[in-house]
1. Starting from residues that are open to solvent by 30 Å² or more (accessible area, probe 1.4 Å) and in a loop (DSSP other than H, G, I, E, B), keep the ones in the stretch 40-59 and report whichever is nearest to Met122 (Cα to Cα).
2. Return the residues of the stretch 80-131 that are open to solvent by 80 Å² or more (accessible area, probe 1.4 Å) and touching a Lys or Arg at 6+ places or on another chain (Cβ under 9 Å); say none if nothing qualifies.
3. So, Gly137, is that one out of contact with any helix residue (DSSP H, G or I) (no Cβ under 7 Å at 6 or more places or on another chain), under 18 Å from Leu15 (Cα atoms) and modelled with pLDDT under 95 or not?
4. Does the stretch 12-39 hold any residues that are closer than 20 Å to Ala84 by Cα and open to solvent by less than 10 Å² (accessible area, probe 1.4 Å), and which are they?
5. Going by the structure shown, is Gly88 under 18 Å from the mean Cα position of the chain (by Cα) and touching a residue at least 24 places away in the same chain (Cβ under 8 Å)?
6. Would you call Ala66 among the hydrophobic types (A, V, I, L, M, F, W, C) and either open to solvent by less than 40 Å² (accessible area, probe 1.4 Å) or modelled with pLDDT under 95 (or both)?
Amino acid sequence: MGEPLELVRDFVNTLDLEEKKDAVATPAELGSWLQVHGLLSETAVTADEHAAALAARETVRRLLLANNGEPADPADLAALDHLAMEAGLAPRFDLDGFRLEPRAGGVQGALGRLLAMVAEAMAEGTWSRLKACSDHGCQWAFLDRSKNRSGHWCSMRVCGNRAKARQFRERQRT
């Protein structure tokens, strides 16, 4: 589990649901974020590209919830297929094998690079380790580093503790 999966995690975590803060709330902020992370050479982002990126982020978040036991929605996979097609994701072969690269530039290409990271993680079997916190008020993306892939919360000390305290109170009431 390396850097590419962590970049996908960081992209999803640009929205902090608990704090109600979005690090890419404007097209300019998205452009800066993509540029800082090496996904885009220019920072000019249109309103439509911004909306598409936010939709992609939330689609990936829902898939991370599915990695944590929530029901998966086939429409989310279809949305990723559509984004991959718009980005023109295609294999690029070299002596070490191949990688997926977008043919599109701009924000579509940047989203395509993120989707290529998702596809690579799926092929490697590491995708299921990237999850969204089971606390629906949080949904922070995290890498489940447990041996048996049983992690449910981004932090046992915070979200896990809250869930266990809620369960304890419910048991005491009954």
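1. Looking at the filtered set, the residue picked out is Ser41.
2. Of everything in the stretch 80-131, those that are open to solvent by 80 Å² or more (accessible area, probe 1.4 Å) and touching a Lys or Arg at 6+ places or on another chain (Cβ under 9 Å) turn out to be Arg92, Phe93, Phe98, Arg99, Glu120.
3. On the way: out of contact with any helix residue (DSSP H, G or I) (no Cβ under 7 Å at 6 or more places or on another chain): yes; under 18 Å from Leu15 (Cα atoms): yes; modelled with pLDDT under 95: yes.
Criteria met by Gly137.
4. Val12, Leu30, Gly31, Leu34, Leu39
5. Numbers: under 18 Å from the mean Cα position of the chain (by Cα): no; touching a residue at least 24 places away in the same chain (Cβ under 8 Å): yes.
The answer is no for Gly88.
6. On the way: among the hydrophobic types (A, V, I, L, M, F, W, C): yes; either open to solvent by less than 40 Å² (accessible area, probe 1.4 Å) or modelled with pLDDT under 95 (or both): yes.
Yes; evaluated as a whole, the condition is true for this residue.
The values are calculated or read from the model by the stated rules, or taken from the named source; none is laboratory data. The shown structure was predicted, so the numbers you read here are calculated from the model rather than taken from an experiment. All Cβ positions, glycine included, derive from the backbone under ideal geometry; neighbour counts span all protein chains shown. Accessible surface areas use protein heavy atoms only, side chains included; no ligands, DNA or RNA. Shrake-Rupley method; radii C 1.70, N 1.55, O 1.52, S 1.80 Å.
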